[in-house]
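Asker: Below you will find the structure I want to go over with you.
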């Protein structure tokens, strides 16, 4: 009797594990399709080395077009946790890696831009608010590339802040607190509009 119960439990665990893997695959496929559904649009990711282990090594191995948001020659320990701007391509293995493993694990955010914007121009944009003054007047790093930070901050922005954060960007895509939901955030006159899309 006990063996039968264990066998049933094992089958249920296997079934649940299979369902989870299937859901993750579906989510990855839908996320990639969503990101590349806009015609004549570039897809970028701002990735957080502090959340994504061995990010510099993965960029070196996969060779997507990328640039660090920090200036100058960095010490290895700083380079390992720095934010990187990466241009994503539809069929590139690095794109699949980021969407499959990073979604739900706050690896970074996605930004969609007009096709004429190159990676260096976009780096200049993102560097504008890489450091900000806190309420005590101290200059600190603003980790907006963490989706938990950006989805909290954007709805609070005033008109000037919206212009600063969006600039030439059409919209941001980031994970919701529930990773089965995708957030699309874009400027609308004097506020930021938010649209949710179910990935499963």
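Taken together, the values in this text are just the output of simple stated rules run on the coordinates, not laboratory data. Worth saying up front: this structure is predicted, and the values here are computed from it rather than measured. Every residue, glycine as well, gets a Cβ built from its backbone with ideal geometry; the counts of neighbours run over all protein chains shown.
Asker: What list do you get for 103, 60 if you sort them by fewest beta carbons within 10 Å? Could you put the intermediate results ahead of the total?
Answerer: On the way: 103 22, 60 10.
The most exposed by this proxy come first: 60, 103.
Asker: Same structure, new question: Tell me the angle of helix 2-35 to the major Cα principal axis of the chain, expressed in degrees between 0 and 90 and rounded to the nearest ten.
Answerer: Here the helix axis deviates by roughly 30 degrees.
Asker: Sorted from fewest to most neighbouring beta carbons within 10 Å, what does the list 71, 193 look like?
Answerer: Going from least to most buried by this count: 71, 193.
Asker: Right, next: Let me have the relative contact order for the stretch 2-198, percent, based on Cα pairs under 8 Å that are six or more residues apart.
Answerer: It rounds to 19 percent for the stretch 2-198.
Asker: So what's the back-of-envelope 222 nm ellipticity for the chain, counting only DSSP H runs of four-plus at -39500 (n - 2.57) apiece and dividing by all residues, rounded to 500?
Answerer: Using -39500 (n - 2.57) per qualifying helix, the result is -11500 deg cm²/dmol.
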